[in-house]
Amino acid sequence: MGVGAGPGDLASSTSSDPTGARAGGDYISILAGTSQNVVGIVVAAIATLGAQVLLTRTLGAGGFGVVTVATQAAFVTSFATRAGMDMAVLRDVAVEVGMGRTDQIRTAVSRAALIAGTASVVVALALWPAAGAIRSLFSLDEPSSRLAIPAALVGLPFIALTNVWLAATRGLKIMRYTLYVFWAGQPVGWVLLTLLFWLVSRSPSAAVLAYSASWAFASVAAFISWRIQSRGWDAAPAEPGWLDRLVRYAGPRAPAALFSQLLFWADLFVVTRYVSHADVGIYSAALRAGQIVVLFLTSVNLMFSPYVADLHNRGEIARLDKLYKTLTRWTIAATLPAFLVLAVAPGTALRIFGGQFSGGEAALLILLGGQLVNIATGSAGFVLIMVGRTGWDFLVYLGSLVFELVLAFWWCPHYGIEGAAAANAVTFALSNAARLLLVKRFVNIQPYDRDYARLLLPVIAGLAVMLIVHQVVSGGWAVDLCATAVAGGAAYLGVYALAGLTSAERSGAGRLLRKYR
């Protein structure tokens, strides 16, 4: 076994090795939280897919493009209007609880929520008069989209507040509220509210308003969740200098968070100026499909972040390094089956959105290349943020965004949605490589060891089976996609169980199974 650690560490820990015992507990806690996130991801994926299919089949590619641009513009803007308060709260809660101090937490979270909420309201009101100009910028000139931008701006404060309060609960290393509210509640609520609002107006604007309303309900649920966890704590006055410390940390984080999301969507916003509404819808579907592979990474990042802040604050770098290596390898291993399905059958996967979306095959394959690098670098960005290097994180995102915009404006006029996808993929690859170097420099950890070679045989087996099944199965796109995914996934998992697990992981998994059984 290489440097990386696994569940077996818990099995092999003894009372004479408290550090090892704590590390084993970290794996169990992170796995438990991640498993909750996986359940949430499945629910979110189904609900989001249901919303997308509902939108595409009711509004068509053009209407779906309007809804995607408006809702994603709101969600991306919310990363700026949160003013970095979500990550600041998560880090502070994790550090304070790790040090055994709880009396400062409630006051800090309340003030962070106030800052994020106020900033969001101010930005929404400032952008409201410019709604028409924003529609023109993104070429949203359909009559039914006239109210799409104002409807999206309504949701800004609620998106920000939801994420601040949920970040506070994750700082306590509790994931279930993120599962209930963020992963499951908001997407399901969007579907239900869209159906309700369409009783009045079956338009893109109504669907966008339903999106904002779903975040309003989510913010109430997030607040209640935080109050449940913190109601027994004292609320001492804030320590002197709290605002200065908060601004130093969150100041660079606010624009960096905005830029981080723009990296996913800037190419979409640029390509709207050069292609038809139908092509915008097709590219929106390709982006959505390509981002499926990063859902597990997102889940791990959310659970891993408080551990990074806590362990780095207490100087336990070796323990942090082991967690980083193992979790990155597990993330890659868990993501590869979905990546292989999309790579083998991109056109079939896009048929989920409707027959007119199969034209996004090339764009989807290009996007997958960039996301593979994103997955392979693990939680590098979150490590930088949680150890307080928000200034460097900002510089990487700023440079990456400028680079992506240059590529997008250069390639989109000539290559359309494939040019946009190439700009996205190249930027993600270079941006994540930069983060790896910074994590190595400032924290002296990196996510790789020789155990990654164990993934080779499962990948070969899964890929071979998927290619064969995809070629021979007939009966329509749904049968093809399901058969390819199930057969190839089974082959991948079977070989992974035999050859992909380290001996320590296999031993630890057996002990856990016997324990729960």
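The values are calculated or read from the model by the stated rules, or taken from the named source; none is laboratory data. All values derive from a computational prediction rather than experimental measurement. Ideal geometry is used to build each Cβ from the backbone, glycine not excepted, and the neighbour counts take in all protein chains shown. Quick note on the areas: whole protein, heavy atoms, side chains included, nothing else; ligands and nucleic acids left out. Shrake-Rupley method; radii C 1.70, N 1.55, O 1.52, S 1.80 Å.
Quote the charge dipole size of the stretch 371-517 about the Cα centre in Debye, to the nearest 20; the model charges only the Cβ of Lys and Arg (+1) and of Asp and Glu (-1).
Computed charge dipole of the stretch 371-517: roughly 820 debye.
Compute, for Cys482, the solvent-accessible surface of its heavy atoms (probe 1.4 Å) with the complete set of protein chains present, and express it in square angstrom to the nearest 10.
Here the residue's solvent-accessible area equals roughly 80 Å².
Ranked by accessible surface with a 1.4 Å probe, highest first, in what order do Leu54, Leu430 come?
Final ranking, largest accessible area leading: Leu430, Leu54.
Based on the mean of other beta carbon atoms within 10 Å per residue, what is the order of 120-126, 284-290, 463-469, most packed first?
The densest-packed peptide leads the list: 284-290, 463-469, 120-126.
Can you check what the Kirkwood hydrodynamic radius comes to for the chain, Cα pairs only, in Å to one decimal?
Roughly 23.7 Å, rounded to one decimal.
By average Cβ neighbour count within 10 Å, what is the ranking of 439-449, 60-70, 369-379 from highest down?
By packing density, highest mean first, the sequence is 60-70, 369-379, 439-449.
Assuming a ≥ b ≥ c are the square roots of the Cα gyration tensor eigenvalues, decide whether the stretch 336-418 counts as rounded (a/c under 1.5), prolate (otherwise, with a/b larger than b/c) or oblate.
Cα axes put the stretch 336-418 in the oblate bin.
Cα-based count: Lys pairs in the chain below 24 Å, eight or more positions apart or different chains?
Step by step, the pairs that qualify in the chain add up to 5.
Expressed in nm to one decimal, what extension gain is obtained for the pair Leu192 and Leu243 from 0.36 nm per residue of sequence separation less their Cα-Cα distance?
14.3 nm
Can you put Thr118, Thr427 in order of accessible area, largest first, using a 1.4 Å probe?
Thr118, Thr427
Given an 8 Å cut-off on Cα distances and at least 6 residues of separation, report the relative contact order of the chain as a percent.
Answer for the chain is 21 percent.
Using a probe of 1.4 angstrom, how much of the accessible area of the stretch 155-266 is carbon and sulfur, in percent?
Result for the stretch 155-266: 68 percent of the exposed heavy-atom area is carbon or sulfur.
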